Every structure is written in structure tokens, then in C-alpha cells.
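Engineer: Quick one: structure below, then a few questions.
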Amino acid sequence: MTAVIFDIQRNSFVDGPGIRTTVFFKGCNLKCKWCHNPESQNFEKQMMIYKNKCTGCGKCASVCPHHLASCEFCGKCEILCPNDARKLCGKEYTPEEVLKEVIKDKTFYETSNGGVTFSGGECMLQADFLCEILKLCKANGIHTAVDTAGCVSWEHFEKIMPYTDLFLYDVKCFDEQKHKEYTGVSNKLILENLKKISDTTDKDIIIRIPVIHGVNDDKKEMGMIAEFLKDIRYTSVDLLPYHKMGEHKYDALDMAYTEFEVPDKAIIDEYKKLFVR
């Protein structure tokens, strides 16, 4: 059993409590227009090509078995490129190989009450693999968190629930039509699953709301989210302001980029009051 992972990020302080290692799965069933990790959307390995860094030296073509006519993702061109213009995105791991990377930082987890966070993309789409690595982490005394948009069948949650300590749960928009317009999917299943986690389990839940100007940063939308969350048992709500740091990745993947305005900090601070209990 394998999964394609596009990054394993150490020393994270933003994906749950304490010092954490975040494992990013490739593949997502949402297409959020503000996504800052577009390399996470495709399930397959990809070669990111930063054209602005390329000097046309030809070293990549000389080492490529197919002279760049096709790609088998061997990574030779990335290693040889003197300008970091090519980046292989995605590597196959077994659960045991992921654990080998995660457990390297166990001392940091223990001293900071941290652990491992599985993210994406949407890690819940590969529930069997996720379940196996969660089991391994719990067997080794590691705190586990799952970062999810929740757009999967409830059976996937039931599978991983016994081995998950914390859910980082995305709520992007409350208005269903707006959610479809900006993410490509309805939010009905997402909200239903969040309610089920809250009602039927004792798992910790942190709600994460990306704040996108012109999409959900108005009183009506934030008010509806806050009203819905009144019936949800959660630890805290994180408002995550949109940023443009992923823009260069779209060009490297030859994908269209949708630009939004960065939301005003004062407005975000005001909306934070809606979620204080």
C-alpha cells in the first residue's frame, strides 16, 4: 500500500498544538479558487517548471532518459538543474516509510505536546492508507491530527476515528451556491460530517476558516457560519487570511491563477469576536 506525498514539513506551529510534522497528501476533490497549494490538487506526481529561473542551459534534457519528450519522474533533471528551475512534486511512500520520517521528531513532540498532522490535498480520500499510518503513530505514542475539508463519506471518518486525536476542520462558506462557485462542490456533506463528529464523538475539533475578500469576508456569511457553529462542539476557530504566496506555483504547473484581495486585518479581528465562547 502506497500514497503519493508531496511534502513532509517539520517544525510546524500552525497545524495543531505544539511542534508538529505535517504530511501533505496529493489529491483533492475540491478546487478552491484561492488554493495556495495547487500541486496538492492532482493525485499524480508532477514536474513543476519555474520558467523564470530557466536559463536554457540544456542540462535537464541531457540527463533525461526521454530528452524531456515525456517524464517518468525519476528526478534526475531536478538534481542537475543549476538554477532550481525544476521541482519533482510527489513521491510514493508506504505507511512504514512515512512513520520513519515522522518518528525522527518524536522528542520535539514530547517536549512541546505536539505531534503529526496529516493534510493535503485531502488526506481523507485515501482513508485506508491514512488509517494505517494513524495506527502506527498511535502505537508509537504520537499525537495525531487530521486536516480535512470533510467532503468524504462518513464511513471514511468511522475508519480513522479511533486513531485520530484532533480534527482541523475547514469551513469555507456557509451559502451553498457560493461554496459551489468557489470550490466546485456543495457544502452539505461537509457540514453534515462536522455535525456528526461533534455529536457522536469526543474528538477535539479546531475549525479553520479561510478568509477571502469578496467571498466570505462579509457580515452575512461570517454570521451564518457563527450561527451554525453554535451547535458544534469545538475547541477554537482559526480565521486564516488569504495570501498570495502560492501564485508562482500556478505558473510552474501551467495552471490558471485567480487573484483575490488580501482581507483587512481589522475586519478579521472584528469577526474573531463572533466565535468567542
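The values are calculated or read from the model by the stated rules, or taken from the named source; none is laboratory data. For clarity, every value in this text was computed on a predicted model and none was experimentally measured. No Cβ is skipped: glycine too gets one built from the backbone with ideal geometry, and neighbour counts run over all protein chains shown. These accessible areas exclude ligands, DNA and RNA; they are computed on the full protein's heavy atoms, side chains included. Shrake-Rupley method; radii C 1.70, N 1.55, O 1.52, S 1.80 Å.
Engineer: From largest to smallest, what semi-axes in whole angstrom does the range 225-277 give when each is the square root of 5 times an eigenvalue of its alpha carbon gyration tensor?
Structural biologist: After scaling each eigenvalue by five and taking roots: 31, 14, 9 Å.
Engineer: In whole percent, and with a 1.4 Å probe on the protein chains, what portion of the accessible area of the range 205-277 is carbon and sulfur?
Structural biologist: Carbon-and-sulfur percentage of accessible area, whole number: 55.
Engineer: Which percent of the accessible area of the range 34-96 is formed by carbon and sulfur heavy atoms (probe 1.4 angstrom)?
Structural biologist: On the range 34-96, the fraction of accessible area on carbon and sulfur atoms equals 53 percent.
Engineer: Which whole-Hz couplings ³J(HN,Hα) result when phi for each residue of the range 73-78 is put into the Karplus expression 6.51 cos²θ - 1.76 cosθ + 1.60, θ = phi - 60°, listed in order with x for Gly and Pro?
Structural biologist: Result, ordered by residue: 6, 7, x, 4, 5, 5 Hz.
Engineer: Can you find, among GLY56, HIS213, GLY141, the residue sitting farthest towards the positive end of the charge dipole of the chain, where Lys and Arg contribute +1 and Asp and Glu -1 at Cβ?
Structural biologist: Positive-most Cα among the choices belongs to GLY56.
Engineer: List every residue whose amide H lies under 5 Å from the amide H of GLY115, counting only residues 5 or more places away in sequence or on a different chain, with H placed 1.01 Å from N in the peptide plane.
Structural biologist: ILE19, ARG20, THR21
Engineer: Show the residues, 5+ positions off or on another chain, whose built amide H is closer than 5 Å to the amide H of LYS203.
Structural biologist: Amide H neighbours of LYS203: none.
Engineer: Would you calculate a helix-derived [θ] at 222 nm for the chain, using -39,500 (n - 2.57) for each DSSP H run of n ≥ 4 and dividing by the full residue count, to the nearest 500?
Structural biologist: -9000 deg cm²/dmol, from helical runs alone.
Engineer: A further question on this structure: How many Å³ per residue does the convex hull of the Cα positions in the range 110-214 occupy?
Structural biologist: 103
Engineer: So, one more: Express the Stokes-Einstein translational diffusion coefficient of the chain in µm² s⁻¹, to the nearest whole number, given a Kirkwood radius over alpha-carbon pairs, 37 °C and a viscosity of 0.692 mPa s.
Structural biologist: 164
Engineer: In whole Hz, with x marking every Gly and Pro, tabulate ³J(HN,Hα) for the range 107-115 from phi via Karplus 6.51 cos²θ - 1.76 cosθ + 1.60, θ = phi - 60°.
Structural biologist: Karplus-based 3J(HN,Hα) across the range 107-115 equals 4, 5, 4, 5, 7, 10, 6, x, x Hz.
Engineer: With a Förster radius of 22 Å, plug the Cβ-Cβ distance of MET1 and LYS100 into 1/(1 + (r/R0)^6) and report the FRET value to the nearest 0.05.
Structural biologist: Between MET1 and LYS100 the formula returns 0.90.
Engineer: Per the Kirkwood formula on distinct C-alpha pairs, the Rh of the range 92-168 is how many angstrom?
Structural biologist: One over the average 1/r among Cα pairs gives 12.6 Å for the range 92-168.
Engineer: Indicate, rounded to the nearest 5 percent, the antiparallel portion of the DSSP beta bridges found entirely in the chain.
Structural biologist: Bridges in the chain that DSSP calls antiparallel: roughly 35 percent.
Engineer: Given the pairs LYS104/LYS272; LYS138/LYS272; LYS244/LYS273; LYS26/LYS104; LYS178/LYS265, which are separated by over 31 angstrom at their Cα positions?
Structural biologist: Beyond 31 Å between Cα atoms: LYS104/LYS272; LYS138/LYS272.
Engineer: Accessible area per residue for the chain in Å², computed with a 1.4 Å probe and the full protein assembly in place, what is it?
Structural biologist: Spelled out: the 1.4 Å probe surface of the chain, per residue, equals 49 Å².
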